[in-house]
Amino acid sequence: MWLPPLAVIIFIGLLALGGEPLRDALRYERADIIGGEYWRLLSGNFVHLSPWHAFLNGLGVLVLVLLCPETLPWQVWLRRLLFLSMGMTLGLFFLVPDAQAYVGLSGVIHGLFVLGLMPQVLKKDLIALGCLLYLLGKIGYEMFAGAPVSDEAALGGKVLVESHLFGTLSAFLYGFIFRTYTRVETFSLRK
């Protein structure tokens, strides 16, 4: 249960140690993606504005595991990370062309929360339902009013709230494609 999320936390921590040069080489940068640097669609999710930003996203992954303790194989974790990362950044790329740069895992974390909470909600877990409603309400508020100024001050940059929306929408799409909410999700290389 702990190994895949711990690997994510360690990975973003190690990338944070690379500082500004590594962040600049890996962040979502619209102009560079248009120029053919397609890896930035994925890698921008794993670099952060600062070590504090990386710590907060790592803490988000920890809270995810505590609220959604479902044990998943590492392959499912990897598939979810890749799908949500690409869904979120493709949403930014095609639907928010003014977003020139992005870093951080928060959009993906929002999607991971949906994937973790929905099976519990379907089992009539009221705490999970409350958490999911809070998450959806938070996204609705952010889309209407923007991110709290205190969040942006703490992170040292603008919060791109659309990333939270696209991460969440990607999770619902993922759940539909992989039938996450109707059966136990598995990983198989054969049909």
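The values are calculated or read from the model by the stated rules, or taken from the named source; none is laboratory data. It should be emphasised that the depicted structure is a prediction, and the values quoted were computed from it without experimental measurement. Don't worry about glycine lacking a Cβ; one is built from the backbone with ideal geometry, like all the others, and counts go over all protein chains shown. Accessible surface is based on the protein model in full, side chains and every heavy atom, while ligands, DNA and RNA are left aside. Shrake-Rupley method; radii C 1.70, N 1.55, O 1.52, S 1.80 Å.
Among the residues in segment 96-115, are any open to solvent by 20 Å² or more (accessible area, probe 1.4 Å), at pLDDT 95 or above and of a type in the set (Ser, Thr, Tyr)? Checked segment 96-115: at least one residue is open to solvent by 20 Å² or more (accessible area, probe 1.4 Å), at pLDDT 95 or above and of a type in the set (Ser, Thr, Tyr). Count of segment 1-44 residues, restricted to those that are open to solvent by less than 50 Å² (accessible area, probe 1.4 Å), touching a Ser or Thr at 6+ places or on another chain (Cβ under 7 Å) and either charged (D, E, K, R) or under 29 Å from Pro69 (Cα atoms) (or both), is 2. Taking the conditions exactly as written (under 18 Å from Val61 (Cβ atoms) and open to solvent by 40 Å² or more (accessible area, probe 1.4 Å)), does Lys158 satisfy them or not? No: the conditions fail for Lys158.
On the given criteria, is Val47 among the β-branched types (Val, Ile, Thr) and more than 23 Å from Phe172 (Cα to Cα)?
When the stated conditions are applied, Val47 passes them.
Which one of these is at pLDDT below 95, assigned to a loop (DSSP other than H, G, I, E, B) and within 21 Å of Ala54 (Cβ to Cβ): Lys158, Lys191? Residue meeting the stated conditions: Lys158. If you check Ile9 against the conditions, is it farther than 20 Å from Phe113 by Cβ and modelled with pLDDT of 95 or more? No, not satisfied.
Total residues in segment 8-21 satisfying the condition of being without any contact (Cβ under 8 Å) to a residue 12 or more places away in the chain and within 15 Å of Leu78 (Cβ to Cβ): the figure is 1.
Of the residues making up segment 83-100, those that are within 16 Å of the chain's Cα centre (by Cα) and not polar (S, T, N, Q) are Phe83, Leu84, Met86, Gly87, Met88, Leu90, Gly91, Leu92, Phe93.
Part of a loop (DSSP other than H, G, I, E, B) and acidic (Asp, Glu): does that describe Asp151?
Working: part of a loop (DSSP other than H, G, I, E, B): no; acidic (Asp, Glu): yes.
It is false that Asp151 is part of a loop (DSSP other than H, G, I, E, B) and acidic (Asp, Glu).
Taken as a whole, segment 94-110 holds at least one residue that is in contact with an Asp or Glu (Cβ under 9 Å, 6 or more places away or on another chain) and closer than 24 Å to Ala128 by Cα. Scanning segment 174-188 for residues that are loosely packed, with under 14 Cβ neighbours inside 10 Å and either part of a helix (DSSP H, G or I) or at pLDDT 80 or above (or both) gives Phe176, Ile177, Arg179. Restricting the first member to segment 30-48 and to residues that are outside any helix (DSSP H, G or I), and the second to residues that are open to solvent by 50 Å² or more (accessible area, probe 1.4 Å), the beta-carbon pairs closer than 6 Å and six or more apart or on different chains are Gly44/Arg27; Val47/Arg27.
The single condition among (1) out of contact with any His (no Cβ under 9 Å at 6 or more places or on another chain); (2) open to solvent by 20 Å² or more (accessible area, probe 1.4 Å) that Leu92 does not satisfy is (2). The residues of segment 129-149 that are touching a residue at least 24 places away in the same chain (Cβ under 8 Å) and open to solvent by less than 50 Å² (accessible area, probe 1.4 Å), listed by number, are Cys131, Leu135, Ile139.
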